[in-house]
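Data first, discussion second: the structure below is written as structure tokens.
Just so you know, all these numbers are worked out from the coordinates, no wet-lab data involved. The model shown is predicted, which means the values in this text are computed figures rather than measured ones. So basically every Cβ, Gly included, is an ideal-geometry build from the backbone, and we count neighbours across all protein chains shown.
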Amino acid sequence: MGRGRARGQAMVELLIAAPVVFFMILMIVQMVLLYRIKSTLDYAALMTARAGAVSGLKRGDMQAAFAKGMMPLYAHKTGMAELETAYAKARADLLLFGDITVVNPTRAAWNEFKERQYNGQYALPNDSLAYRSHAVGSSGVSVQDANLLKVKLTYDAPLVVPFVGWVLGGKSQYLKAGTFESSPLTTLTRRLRVESYAIVRMQSPIYESQSDMLAGGSSSGSSGGGSGEGGGSPGSGGSSGGDDPGGSSGDTDAPDHVCI
């Protein structure tokens, strides 16, 4: 009788512990896949920032670089045909689940430092930065800091491993109510949002035709406008002290996007 009871007890313990153990195994597999997605997104963020730096923030060039950086997630074979298919899949998927945000420079910085170029159009200058004033203007940055391009890429990663998305979405008793402040999955897509940042120095001027990519909304008209739009320095750009031509930088809000 004692041995039979022990066998019955072991079966009950297995039924209690097995779902948790199986879920942990599935969760580890999903975390490995998410790490692969995050590593690929980091590379895509750098490619996107480089494309924006050399093209003057042309949206099409940055979107193409984003898709090329994410191609390893969609290519499963070698060959040109497979690469073309992977690129097309990446472009289509990122239209729905990817996003590019320019954190720096801001519209306020563009309005403050814009200059007329050789072709008669206004642009954020990129030439002779070492010889320009390092003074911090009303936008909260100097012209040198305004030429540091910082981009943020987001991608809604699919949870392909069974049961994991169901649990993270709050549909399981394994996670008590209130475990998360809110579900980590996006409301519409039920995917897990992953983000990455990259910083590079601009290699070309940013013309007004491409300034819709800038943080801070639409153009405010005057070159001195836009004080306090969150245009904090993305790096450790130095203020030169008292010759601030655009007003005291102490009037601006503390930058909220300094660190990567």
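Just to check, using Stokes-Einstein with a Kirkwood Rh over alpha carbon pairs, what's the diffusion coefficient of region 15-69 at 37 °C and 0.692 mPa s in µm²/s? Walk me through the numbers on the way to the answer.
Numbers: Rh = 13.3 Å.
Approximately 247 µm²/s, per Stokes-Einstein.
Just need the relative contact order of region 1-136 here, percent rounded to a whole number, with Cα pairs under 8 Å and 6+ apart. Please report the intermediate quantities before stating the final value.
Details: 72 pairs, mean separation 16.7, N = 136.
About 12 percent, as a whole number.
For region 91-100, what does the Karplus curve 6.51 cos²θ - 1.76 cosθ + 1.60, with θ = phi - 60°, yield as ³J(HN,Hα) per residue in whole Hz, taken in order and with x for Gly and Pro?
Going residue by residue, I get 4, 5, 5, 6, 4, 9, 10, x, 8, 10 Hz, with x marking Gly and Pro.
Karplus couplings for region 110-116 from phi (6.51 cos²θ - 1.76 cosθ + 1.60, θ = phi - 60°), rounded to Hz, Gly and Pro as x?
4, 4, 6, 9, 4, 9, 6
Quick one: 3J(HN,Hα) in Hz for region 121-132, Karplus 6.51/-1.76/1.60 with θ = phi - 60°, rounded, Gly and Pro as x.
For region 121-132, the Karplus-derived couplings read 9, 7, 7, 6, x, 10, 9, 6, 5, 5, 9, 8 Hz, x marking Gly and Pro.
Could you tell me the calculated FRET efficiency between Gln203 and Val160, based on Cβ-Cβ distance and R0 = 45 angstrom, to the nearest 0.05? Write out the running numbers ahead of the final one.
Numbers: r = 38 Å, r/R0 = 0.85.
Computed FRET efficiency for Gln203 and Val160 comes out at 0.75.
How would you rank 29-40, 95-106, highest first, on the average number of other Cβ atoms within 10 Å across their residues? All intermediate terms of the calculation are to be shown ahead of the outcome.
Values: 29-40: 14.7, 95-106: 19.5.
Ranking, from highest mean packing down: 95-106, 29-40.
Per-residue counts of other Cβ atoms within 10 Å, averaged by peptide: what ranking do you get for 116-129, 186-199, 154-167, highest first? Working shown, then result.
Working: 116-129: 13.9, 186-199: 15.5, 154-167: 17.2.
Top of the packing list down: 154-167, 186-199, 116-129.
Under 5 Å between amide H atoms, partner at least 5 residues away or on a different chain: which partners does Val103 have, H built in plane at 1.01 Å?
Lys150, Val151, Lys152
What distance in nm separates the two pseudo spin-label positions at Leu33 and Ala17, each 7 Å out from Cα along the beta-carbon direction?
2.8 nm
With a 10 Å radius around each residue's Cβ, average the other Cβ atoms per peptide and rank 133-140, 56-63, highest first.
Details: 133-140: 23.0, 56-63: 18.0.
For the peptides 133-140, 56-63, the packing ranking is 133-140, 56-63.
Can you list residues from other chains, or at least 5 along the same chain, whose modelled amide H is less than 5 Å from the amide H of Arg201?
Residues meeting the amide H criterion: Leu149.
What does the C-alpha gyration tensor say about the overall shape of region 17-176? Classify as rounded when a/c is under 1.5, otherwise prolate if a/b is larger than b/c, or oblate.
Values: a/c = 3.55, a/b = 1.98, b/c = 1.79.
Because a/c hits 1.5 or more and a/b exceeds b/c, region 17-176 counts as prolate.
Assuming 0.36 nm per residue, please report the length gained on full extension of the stretch Ser133 to Arg116 beyond their Cα-Cα distance.
Working: separation 17, 0.36 × 17 = 6.12 nm, distance 1.75 nm.
Working it through step by step, the gained length comes to 4.4 nm.
Say the dipole of region 1-138 comes from +1 at the beta carbon of Lys and Arg and -1 at that of Asp and Glu; which of Leu15, Ala49, Thr85 then lies farthest toward its positive end?
Looking along the dipole axis, the top candidate is Leu15.
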